[in-house]
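Just so it is clear, none of the values below were taken in a lab; they were calculated from the coordinates. The structure presented is a predicted model; accordingly, all values stated were derived computationally and were not measured. Cβ atoms come from the backbone with ideal geometry, glycine included; neighbour counts cover every protein chain shown.
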Amino acid sequence: MKLQDVEDKLPSRISRRTIVKGAAWTTPVIVLATAAPAAAASRIAEVNAAMTAEKNAEGKFGGKNVTFTVPFHNAGDLTARVEVLSMSLAGTTLTGIAGIPDAFDVAGGATVTKTYVWLYGDNASNGTYTLSYKVGTTSLSATVTV
């Protein structure tokens, strides 16, 4: 077989119609490839906490306490790791709160309710209590006034 025979069997040029057909098949693949990362990036973990408190000042010598109830709700669709760091009253960090520090997971769309109890021997001030927590690297807080 001669080179001329091979050249005679090849098309002399590619038509515009052939190029358009090829482009029609490749374009959807490109669109899907760029759309997938955007959809993946929209998945989030969004945890919010609402805190309530009940003060029991009736007891003497160790019977006094403040009980904090904190529902942590994840409105996102990814599981979030929550780290409860501290509780403070008017800017002063409280010590001896049962359950703090704490760490747990909250599934997407779920709520995990935690209870923390502060036993105190003297008088506990009425005021604003602040719970400090982190979700991933984001620092957050919840407050309640007693």
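When Lys and Arg each count +1 and Asp and Glu each count -1, what net charge do the other residues less than 14 Å away from SER132, Cβ to Cβ, add up to?
So the surrounding residues net to 0.
Please give the FRET efficiency for ALA90 paired with THR111, using the beta carbon to beta carbon distance and R0 = 30 Å, rounded to the nearest 0.05. Provide the component values of the computation, followed by the final result.
Values: r = 29 Å, r/R0 = 0.95.
According to the calculation, E is roughly 0.60.
Once you place label points 7 Å from the Cα toward the Cβ at VAL146 and LEU78, how far apart are they in nm?
Between VAL146 and LEU78, the simple spin-label model gives 3.6 nm.
Using a cut-off of 12 Å between beta-carbons, work out the net charge of the residues near VAL84 (Lys and Arg +1, Asp and Glu -1, VAL84 not included). Please list the in-between numbers first.
Details: positive: ARG81, LYS114, LYS134; negative: GLU83, ASP102.
Net charge in that neighbourhood comes out at +1.
Order the peptides 92-98, 80-86, 140-146 from the highest to the lowest mean number of other Cβ atoms within 10 Å of their residues.
80-86, 140-146, 92-98
Calculated FRET efficiency, THR138 and ASN56, Cβ-Cβ r, R0 35 Å, to nearest 0.05?
Once rounded, the FRET efficiency stands at 0.60.
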